[in-house]
Amino acid sequence: MTKAKPVLKEKKKKTPAPRQAPKKPALQHVVWDSVELEQVNPLFMRQYVVGKNVMLARIFLRKGSLVPWHSHHNEQMSYILEGAMTFWLDAGDKKEKEVVVRAGEVLIIPPNMLHKAEATEDSLSLDIFDPPRADWINKTDDYLRKAK
């Protein structure tokens, strides 16, 4: 009797999972009147919409509204549509820079720059944040909620 030769099984090659196309950002068309108007404090109201990478906020500030000193990792662009605001920015070396931004003007605040602001008139601002402000979305922005 002859011995049967062992049968070698071929190793099956793993078939790679099919590649999925990256998810496309959803197209959004937003009417401001359909967006919640949030009363953050007695002098500060806002609405915002959030995309994949940016947030656009419409901010209503009554004269005297104070946004206390704060910083965030988001780049911020503030476009004043109506009124005027004074911003104080930490320029480093214990120096503050004061900038008055009026209707039709834009202030660009880099990430992590300490700043505060005051509405010197009733004001309307469109602010853009990249990335979106998680503290606003999660309602953990206590520094604004306690401000006047």
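Bear in mind that the values in this text are calculations on the coordinates, not laboratory data. Values in this document were obtained by computation on a predicted structure and should not be read as measured data. All Cβ positions, even for glycine, are placed from backbone atoms using ideal geometry, and neighbour counts span all protein chains on display.
Highest mean packing first, where packing is the average number of other Cβ atoms within 10 Å per residue, the peptides 55-62, 109-116, 128-135, 89-96 line up as 55-62, 128-135, 109-116, 89-96.
With 31 Å as the limit on Cα-Cα distance, the pairs of K24/K146; K52/K95; K94/K146; K24/K63 that go past it are K24/K146; K52/K95; K24/K63.
Relative to one another, the C-alpha centroids of segment 88-148 and segment 49-73 are positioned 6 Å apart.
Pull out a ≥ b ≥ c, the square roots of the eigenvalues of the alpha-carbon gyration tensor of segment 77-133, then state rounded if a/c is under 1.5, prolate if not and a/b is larger than b/c, and oblate in the remaining case.
On the way: a/c = 2.40, a/b = 1.27, b/c = 1.90.
In terms of gyration-tensor shape, oblate.
With all projection directions averaged, the alpha carbon convex hull of segment 19-148 covers 9.6 nm².
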